[in-house]
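Since the structure comes first, as structure tokens, the remarks are kept for the end.
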Amino acid sequence: MGRWLPIQIAPDDCDLELGRLHKTGVVPWMFPCRRQSGVWFNVWAGEAVLISPSHWRIWRSGR
């Protein structure tokens, strides 16, 4: 798995694994997300994500 990077430098229009900072570290979301026009979307559901992520890394299929 790749290293977590700050959400401020996340690229647009590609599948990413997002995570949220927790006292135990970064907790990953279990679905790929993509940012379009400043809004994060769950790629599998096609719906906007209502929780703000703090970190990202490249999504690797097969997770």
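The values are calculated or read from the model by the stated rules, or taken from the named source; none is laboratory data. What you see is a predicted model; the values in this text were computed from it and never measured. No Cβ is skipped: glycine too gets one built from the backbone with ideal geometry, and neighbour counts run over all protein chains shown. Side chains included, ligands, DNA and RNA excluded: accessible areas come from the protein's heavy atoms. Shrake-Rupley method; radii C 1.70, N 1.55, O 1.52, S 1.80 Å.
Descriptive notes on the structure:
- Pairs meeting the criteria (first residue in the stretch 5-22 and among the acidic types (D, E), second residue part of a loop (DSSP other than H, G, I, E, B), beta carbons under 7 Å, at least 6 apart or on different chains) are D15/V43; D15/W59; E17/W59.
- The stretch 7-17, residues that are over 14 Å from S61 (Cα atoms) and open to solvent by less than 60 Å² (accessible area, probe 1.4 Å): I7, A10, P11
- Taking the stretch 36-63 as the range and being within 10 Å of the chain's Cα centre (by Cα), assigned to a loop (DSSP other than H, G, I, E, B) and not β-branched (V, I, T) as the test, the residues that pass are S52, P53, S54, W59.
- Within the stretch 51-63, residues that are under 19 Å from L21 (Cβ atoms) and modelled with pLDDT of 95 or more have Cβ atoms under 9 Å from residues that are among the small types (G, A, S) and surrounded by 11 or more Cβ atoms within 10 Å (Cβ to Cβ) in these pairs: P53/A10; P53/G19; S54/G19; H55/A10; H55/G19; W56/A10; W56/G19; R57/G19, counting only partners at least 6 apart in sequence or on another chain.
- C33 being surrounded by 11 or more Cβ atoms within 10 Å (Cβ to Cβ), part of a loop (DSSP other than H, G, I, E, B) and of a type in the set (A, V, I, L, M, F, W, C): no
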